[in-house]
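Enquirer: Quick one: structure below, then a few questions.
The numbers here are math on the coordinates, done by the rules we state, and not lab data. What you see is a predicted model; the values in this text were computed from it and never measured. Here the Cβ positions follow ideal geometry from the backbone for every residue, glycine too, while neighbour counts run over all protein chains shown.
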Amino acid sequence: MTKKTILNIVIFLFVTGGIYLYTIYDNALTPPLSSATKTQEPLAPDFSYTPLFLTAQKMQSLSDHKGKAIFLHFWATWCPPCIVEFPDLIKLASNIPENFIILAVAKQDREEDINRFLAKLGRPLPDNFIITLDDHNHISKTLYDVDKLPETFLISTDFSILQKITGPQDNWSAPSWIQKIKRYISRNSAS
């Protein structure tokens, strides 16, 4: 390897590591929205989308999922931390099959790239895992003000935004996340 190649690799690793550390640090400073009282929690903006990879690719809206806890996840195939945590999201959806969906919104991505990524991943998506595109950043930027990827919103069964999580997580399918999401599901089922 030439010195220039080694230098480029070191610079790439330094920049990628810096971005990763910044998102973790920034996420630690963002208080969870769930600490607010029920009347203070903002409602999730509704939007329409076309799901990819379903036999009936008809237009749907976020409000079609009212009564379910929604894990609104912004990601991209060109985002290294997004790719790393994606298999864990599939496990999470598999672990909570009822009254829960993951809506993975691919920001500035192409369907062909998503197809290639899923084929390489080699895992089927559970029925409660939906992928859609956000070609023009309407959902991500205009409605949810997403600046960094990955970014996730936990939305309750009554459409309250309970928590915004910026940056990658170590283990979405960990028991602590599963318990937290099940609490969000039961929170409104009882009322």
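Enquirer: What distance in nm separates the two pseudo spin-label positions at Asp64 and Glu98, each 7 Å out from Cα along the beta-carbon direction?
Expert: 2.3
Enquirer: If you don't mind, another one. Among the GluC sites (Glu not before Pro) within segment 94-176, which fall in a DSSP loop and have no more than 15 other Cβ atoms within 10 Å of their own Cβ? Walk me through the intermediate numbers first.
Expert: Details: sites: Glu98, Glu111, Glu112, Glu151; in loops: Glu98.
Hits after loop and neighbour filter: Glu98.
Enquirer: Okay, moving on. If you place +1 on the Cβ of every Lys and Arg, -1 on the Cβ of every Asp and Glu, and leave all else neutral, what size is the dipole of segment 33-189 about its Cα centre, to the nearest 20 Debye?
Expert: My answer is approximately 420 debye.
Enquirer: Of the options Leu118, Ile139, Asn99, report the single residue whose Cα projects farthest towards the positive end of the charge dipole of segment 33-189 (beta-carbon charges: Lys, Arg +1; Asp, Glu -1).
Expert: Asn99
Enquirer: Still on this model: With a point put 7 Å past each Cα toward its Cβ, work out how far Asp135 is from Leu121 in nm, to one decimal.
Expert: According to this spin-label approximation, the distance is 2.2 nm.
Enquirer: Which pairs, out of Lys4/Lys120; Lys107/Lys148; Lys148/Lys182; Lys107/Lys180; Lys141/Lys180; Lys120/Lys141, put more than 19 Å between their alpha-carbon atoms? Mind showing how you got there, number by number?
Expert: Numbers: Lys4/Lys120 31 Å; Lys107/Lys148 10 Å; Lys148/Lys182 26 Å; Lys107/Lys180 26 Å; Lys141/Lys180 27 Å; Lys120/Lys141 29 Å.
Beyond 19 Å between Cα atoms: Lys4/Lys120; Lys148/Lys182; Lys107/Lys180; Lys141/Lys180; Lys120/Lys141.
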